[in-house]
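*Asks:* Dropping the structure in here first, questions after.
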Amino acid sequence: MKTIRLREGKERSLLRRHPWVFAGSIARGGADAGETVRVEASDGHFLAWGAFSPSSMIRVRAWSFDEAERIDTAFFEQRLRRAINWRGRLAASGLLPSDGQRLVHGEADGLPGLIVDRYGDLLSAQFLSAGTERWRETLTDALCAITGSSRLYERSDVSVRALEGLPEQSGWLRGEGDTALQIQEHGWALGLDVALGHKTGYYLDQRDNRGRFAALVRQLGCQSVLNCYSYTGGFSVAALAGGASEVISVDSSGPALAQARDNIRRNGFDDSRCGFLDADVNATLREMLAAGRSFDAIVLDPPKFAPTPASAERAARAYKDINRLALKLLAPGGLLLTFSCSGGINADLFHKIVAGAGIDAGVNAAILQRLEGACDHPTTLEFPEGEYLKGLALLRV
Ligand code: SAH
């Protein structure tokens with residue numbers, strides 16, 4: 001077993017069970033990509049077992065802080081079983097109202113770099129680190145055995161793999177067949193494609209917020225709805241389920257909009273009451289303002305404008321701009337659901353940005369609810385970086 005010795009004083013974060021060791025913290029030692037290493041403090045005492053990643057800034061990701069643990073097939077089976085079992089318990093108690101579920105959420109489940117979503121009986125996974133790449137066969141076998149699923153599709157076609165020295169790849173790891181499927185969410189039928197969709201196919205993290213949106217649209221009696229960055233129309237279906245009479249979905253992806261229309265039809269709603277704009281959201285909001293339009297409810301769920309804290313300032317301006325425009329487009333008494341999924345922007349900063357947008361727009365708004373990701377995308381106490389999705393439900397007053 002190879003050993004990684006840390007520089008003096010660099011043991012603190014591992015002692016707090018934070019799973020990352022940055023390259024600059026290492027005094028000596030090395031290993032092959034994904035190889036299990038023993039990480040020790042400058043005085044030689046054990047800190048963690050981890051996966052080494054020679055080309056990444058995050059040089060080691062910890063698997064375990066228990067010296068007695070062996071990193072082997074049984075270890076991964078046990079970690080996966082724990083993650084999958086507690087989702088099962090949430091589902092059984094009604095807290096996961098969908099057969100689309102995140103089964104493994106990387107660091108938060110003690111499996112750094114592994115993302116696994118279940119869509120009915122199909123699994124869709126991302127192997128994002130050298131460690132998960134090394135153990136992919138073990139992980140794949142265990143996932144299929146524990147869930148009873150015979151089909152697992154890989155979506156490791158993401159740029160972060162390059163930071164780990166890994167090529168992008170996707171395709172069937174187990175089973176084969178049609179990659180288009182349908183899930184049930186809050187009782188709605190939603191079509192998606194695990195090969196062609198974003199990420200693993202769908203944005204499961206917004207499930208609870210789509211449910212809340214449907215309820216708020218109904219309770220507030222919202223009729224006209226603008227769903228910005230709609231992707232496949234999850235919030236659009238939610239609006240119609242909540243009783244909206246007109247829903248416009250805006251996205252820059254044509255295929256996503258085609259799926260959005262299909263999803264609206266699948267649920268028996270009349271798509272002639274719906275608009276689908278293949279366009280840039282910022283430009284669309286400006287055009288709608290110029291045309292004197294207004295909406296009873298608006299959703300703003302943009303892509304990650306700030307992947308890192310370094311890009312937060314430029315991203316802050318972009319968030320402020322779309323929020324200012326959306327607040328101006330809200331009818332009096334209207335509802336705005338606004339989100340950021342940027343890791344580089346925390347909930348406090350996001351609140352400040354939206355407050356600034358309200359001032360610039362000359363619009364008063366009250367916070368009805370603070371929003372976050374769904375509970376199957378947990379943030380652990382030790383790994384606050386895992387928290388990325390934050391949002392506000394605002395009422396124009
Ligand atoms: N709200 C969606 C998820 C949104 S993901 C849901 O609940 O499923 C972000 C979406 O923004 C993606 O579909 C992407 O195609 C779209 N997008 C990215 N940049 C855009 C832009 N400038 N204008 C319009 N859409 C954009």
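The values are calculated or read from the model by the stated rules, or taken from the named source; none is laboratory data. Worth saying up front: this structure is predicted, and the values here are computed from it rather than measured. Please note: Cβ atoms are built from the backbone with ideal geometry, for glycine as well, and neighbour counts cover all protein chains shown. Just so you know, the surface numbers come from the protein's heavy atoms only, side chains and all, with ligands and any DNA or RNA stripped out. Shrake-Rupley method; radii C 1.70, N 1.55, O 1.52, S 1.80 Å.
*Asks:* Compare 341, 375, 222 by solvent-accessible area with a 1.4 Å probe and give them largest first, with all protein chains kept in place.
*Replies:* Ranking 341, 375, 222 by accessible area, largest first, yields 375, 341, 222.
*Asks:* Rank-order 227-236, 359-368 by packing density, defined as the average count of other C-beta atoms within 10 Å over each peptide's residues, highest first.
*Replies:* 227-236, 359-368
*Asks:* Taking only protein heavy atoms into account and a 1.4 Å probe, give the accessible area per residue of the chain in Å².
*Replies:* On a per-residue basis, the chain sits at 42 Å².
*Asks:* Straight distance only, please: which lysines reach the Cα of residue 320 with their own Cα at less than 30 Å, same-chain residues fewer than 8 apart left out?
*Replies:* Within reach: 199, 304, 328, 352, 390.
*Asks:* If the cut-off is 15 Å between C-alpha atoms, which aspartates and glutamates fall inside it for residue 2, apart from same-chain ones fewer than 8 positions away?
*Replies:* Leaving aside aspartates and glutamates fewer than 8 places away in the same chain, those within reach of residue 2 are 32, 35, 40, 67.
*Asks:* Any idea what % of Cα-Cα pairs in region 275-397 are farther than 19 Å?
*Replies:* 47
*Asks:* May I ask for the distance between the Cα centers of region 299-316 and region 257-280, given as a whole number of Å?
*Replies:* Their Cα centres are 27 Å away from one another.
*Asks:* Hey, what's the per residue convex hull volume over the C-alpha atoms of region 161-210, in cubic angstrom?
*Replies:* 110
*Asks:* Hey, got the Cα dimensions of the chain along the principal axes, in Å, largest first?
*Replies:* Each principal axis gives a Cα extent; for the chain these are 68, 46, 37 Å.
*Asks:* Could you work out the helix-only [θ] at 222 nm for the chain, with each DSSP H run of four or more residues adding -39,500 (n - 2.57) and the total divided by the number of residues, to the nearest 500 deg cm²/dmol?
*Replies:* -9500 deg cm²/dmol
*Asks:* In addition: How long, wide and thick is region 124-195, going by the Cα atoms along their three principal axes, in whole angstroms, largest first?
*Replies:* Its Cα atoms span 41, 27, 23 Å along the three principal axes.
*Asks:* Over what distance in Å are the Cα centres of region 137-176 and region 373-397 separated?
*Replies:* What the calculation gives is 26 Å, centre to centre.
*Asks:* Kindly identify region 175-334 as rounded, prolate or oblate by the Cα gyration tensor criterion: order the square roots of the eigenvalues as a ≥ b ≥ c, call it rounded if a/c is under 1.5, otherwise compare a/b with b/c, prolate if a/b is larger, else oblate.
*Replies:* Oblate.
*Asks:* Let me ask something else about it. Just add up the charged neighbours of residue 376: K/R +1, D/E -1, any other residue whose Cβ is under 13 Å from the Cβ of residue 376.
*Replies:* Around residue 376, the charge tally is -2.
*Asks:* If the only charges are +1 at each Lys and Arg Cβ and -1 at each Asp and Glu Cβ, what is the size of the charge dipole of the chain around the Cα centre, to the nearest 20 debye?
*Replies:* In total the dipole reaches around 820 debye.
*Asks:* Just add up the charged neighbours of residue 345: K/R +1, D/E -1, any other residue whose Cβ is under 15 Å from the Cβ of residue 345.
*Replies:* Here the charged neighbours net out to 0.
*Asks:* Find out how many positive minus negative residues lie around residue 33, taking Lys and Arg as positive, Asp and Glu as negative, among other residues whose Cβ is under 9 Å from that of residue 33.
*Replies:* Summing Lys/Arg as +1 and Asp/Glu as -1 gives -3.
*Asks:* Over the chain, with every protein chain in place, what whole percent of the accessible area is carbon and sulfur at 1.4 Å, could you tell me?
*Replies:* Accessible surface attributable to carbon and sulfur in the chain totals 50 percent.
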